[in-house]
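Engineer: Below you'll find the structure I mean.
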Amino acid sequence: MITASGIELRAGARILIENASFRIAKGDRIGLVGRNGAGKTTLTKCLAGEGVPAAGTIARSGDVGYLPQDPRTGDLDVLARDRILSARELDSVLRKMRENEERMANGKGATREKAMKKYERLETEFLTKGGYAAEAEAATIAAALGLPDRVLGQPLHTLSGGQRRRVELARILFSDADTLLLDEPTNHLDADSIVWLRDYLKTYRGGFIVISHDVDLVETVVNKVFYLDANRSQIDIYNMGWKLYQQQREADEKRRKRERQNAEKKAAALNSQADKMRAKATKTVAAQNMARRAERLLSGLEAVRVSDKVAKLRFPEPAPCGKTP
Ligand SMILES: Nc1ncnc2c1ncn2[C@@H]1O[C@H](COP(=O)(O)OP(=O)(O)O)[C@@H](O)[C@H]1O
Ligand SMILES: [Mg+2]
């Protein structure tokens, strides 16, 4: 479980999120949405403990699996398979087992005896950590994410950026974490893998936050939506699935717009009344009060005033490329 209390996030001097409080508990399947640059990545980074909020606290209990938007750089000499298995600390046991297999095969007398005893101990440890079933499970997850056995046997530095990110995703899903933080997990996945991930997340027993542009995935998977409104620097929490969220948010935006128009109308009326009253010497104080009330009505609105900036791009008809492209 992750609990955020009164957190504030900034990018330089700019406030991304102000005074937000929420939890990610078991069974929460949260879709985190908001326009580009709203602060989704910054927020997940802080939730994972790889960043610190400017104010407020974040408390974590249980294991957290974090897939960052940008691939990590770590030890690139390890095999892809070992990287995945390291999530449950199976990699080191397996490596030692392999070493002792070697000694058993090549050694003689006491050396061989020792290696056999060591091997037995290691295998017991391996079995208590899930053993061969866990190794098979890791391979199944990896294959579903487009990483066949051949790739798993290669060191990370021979893999493409996309493959490495899939290794990280496989590692996190294999880790058995209580809470997942997935920042655009569908990037670098092909269509089949996306379908598989969707089904995997649908039945995940822990809690998670997922950031994704894949509407299909979000629509079928999430039971809550956190909308990061960059204009208001607020997180709006919708305890409902995707379809209902869309309706509810549209209603919320209409309501805010209506409230704004009402307030603006009232303020305009107050101001024009104040202007008339200012002409009379006996009413200047009343006029001032009225103008102040108008100002107060408008001051609460500033945050919602700006609408999302959406670029409209139009490309000219390209010239025909001719017979020889
Ligand atoms: N290292 C950084 N230094 C300064 N500003 C940053 C840095 N990283 C991101 N930002 C800014 O923070 C804002 C939020 O970015 P980000 O969290 O990546 O948003 P999102 O994931 O929602 O697209 C953006 O406006 C971005 O320009
Ligand atoms: Mg991002």
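Engineer: What size of dipole, in debye to the nearest 20, comes out for the stretch 256-305 about its Cα centre when the only charges are +1 on Lys and Arg C-beta atoms and -1 on Asp and Glu C-beta atoms? Intermediate values should be presented prior to the final figure.
Structural biologist: Numbers: 14 positive and 5 negative charges, 29 e Å.
Approximately 140 debye in magnitude.
Engineer: What order do 104, 97 take when sorted by accessible area (1.4 Å probe), most exposed first?
Structural biologist: Numbers: 104 50, 97 5 Å².
Sorted descending by solvent-accessible area, the residues read 104, 97.
Engineer: Let me ask something additional. Let a ≥ b ≥ c be the square roots of the eigenvalues of the Cα gyration tensor of the stretch 212-325; is it rounded (a/c under 1.5), or, if not, prolate (a/b larger than b/c) or oblate? Intermediate values should be presented prior to the final figure.
Structural biologist: Details: a/c = 4.64, a/b = 1.86, b/c = 2.49.
The shape class here is oblate.
Engineer: Continuing with this model, one more query. For a 32 Å ceiling on Cα separation, which of these pairs sit above it: 243/312; 257/283; 45/266; 45/243; 45/118; 254/312?
Structural biologist: On the way: 243/312 26 Å; 257/283 34 Å; 45/266 43 Å; 45/243 27 Å; 45/118 41 Å; 254/312 23 Å.
Listed pairs above 32 Å: 257/283; 45/266; 45/118.
Engineer: How far, in nm, would the chain grow between residue 262 and residue 11 when pulled straight, counting 0.36 nm per residue and subtracting the alpha carbon separation? Each step should come with its number before you reach the end.
Structural biologist: Values: separation 251, 0.36 × 251 = 90.36 nm, distance 3.36 nm.
Computed gain between residue 262 and residue 11 is 87.0 nm.
Engineer: Just the number please: accessible area per residue for the chain, 1.4 Å probe, all protein chains included, in Å².
Structural biologist: Numbers: 18650 Å² over 325 residues.
Accessible area per residue, the chain: 57 Å².
Engineer: Sort the chain into rounded, prolate or oblate with this rule: let a ≥ b ≥ c be the square roots of the eigenvalues of the Cα gyration tensor; rounded if a/c is under 1.5, and if a/c is not under 1.5, prolate when a/b is larger than b/c, oblate otherwise.
Structural biologist: Values: a/c = 3.39, a/b = 2.31, b/c = 1.47.
Since a/c reaches 1.5 and a/b is larger than b/c, the shape of the chain is classed as prolate.
Engineer: Work from the charge dipole of the stretch 256-305 (Cβ charges, +1 for Lys and Arg, -1 for Asp and Glu, about the Cα centre) and give the residue of 279, 291, 262 farthest towards its positive end.
Structural biologist: The Cα lying farthest towards the positive end belongs to 262.
Engineer: GluC sites (Glu not before Pro), restricted to the stretch 1-50: which are DSSP loop and have at most 15 other Cβ atoms within 10 Å?
Structural biologist: When the GluC sites (Glu not before Pro) of the stretch 1-50 are filtered for loop state and at most 15 Cβ neighbours within 10 Å, 50 remain.
Engineer: Sort 277, 116 by accessible area with a 1.4 Å probe, largest first. Walk me through the numbers before you get to the answer.
Structural biologist: Details: 277 30, 116 75 Å².
Order by accessible area, largest first: 116, 277.
Engineer: Please compute the modelled spin-label separation between residue 52 and residue 110, points set 7 Å along Cα→Cβ, answer in nm with one decimal.
Structural biologist: 5.4
Engineer: On a 0 to 90 degree scale, rounded to 10, what angle separates helix 191-202 from the longest Cα axis of the chain?
Structural biologist: Rounded to the nearest ten degrees, it is 80.
Engineer: On the accessible surface of the chain, probed at 1.4 Å, how many percent belong to carbon and sulfur atoms?
Structural biologist: Working: 9420 of 18650 Å².
Of all accessible area on the chain, carbon and sulfur atoms account for 51 percent.
Engineer: Another question about this same structure. Under 13 Å Cα-Cα from residue 202, which aspartates and glutamates qualify once same-chain neighbours fewer than 8 residues away are excluded?
Structural biologist: Residue 202 reaches 28, 216, 219.
Engineer: Tell me which trypsin sites (Lys or Arg not before Pro) from the stretch 102-172 have a DSSP coil assignment and no more than 10 other beta carbons within 10 Å of their own. Working shown, then result.
Structural biologist: Working: sites: 103, 108, 112, 114, 117, 118, 121, 129, 150, 164, 165, 166, 171; in loops: 108, 129.
Sites meeting the loop and neighbour criteria: 108.
Engineer: Kindly express, to the nearest 10 degrees and within the range 0 to 90, the angle between helix 109-128's C-alpha long axis and the longest C-alpha principal axis of the chain.
Structural biologist: Taking Cα atoms only, the helix is inclined about 30 degrees.
Engineer: How much solvent-accessible surface does residue 122 expose, in Å² to the nearest 10, with a 1.4 Å probe and all protein chains in place?
Structural biologist: 10
Engineer: Sticking with this one: Please get the size of the charge dipole for the chain, origin at its Cα centre, with Cβ charges of +1 on Lys and Arg and -1 on Asp and Glu, quoted in debye to the nearest 20. Before the final figure, lay out the partial values.
Structural biologist: Working: 56 positive and 44 negative charges, 371 e Å.
My answer is approximately 1780 debye.
Engineer: So what does residue 46 come to for accessible area, using a 1.4 Å probe and Å² rounded to 10?
Structural biologist: Spelled out: residue 46, probe radius 1.4 Å, area about 10 Å².
The values are calculated or read from the model by the stated rules, or taken from the named source; none is laboratory data. Model, not experiment: these values are computed from the prediction. Note: ideal-geometry Cβ built from the backbone for every residue, glycine included; neighbour counts use all protein chains shown. Ligands, DNA and RNA are stripped out before the accessible areas are found, and what is left, the full protein with its side chains, is counted by its heavy atoms. Shrake-Rupley method; radii C 1.70, N 1.55, O 1.52, S 1.80 Å.
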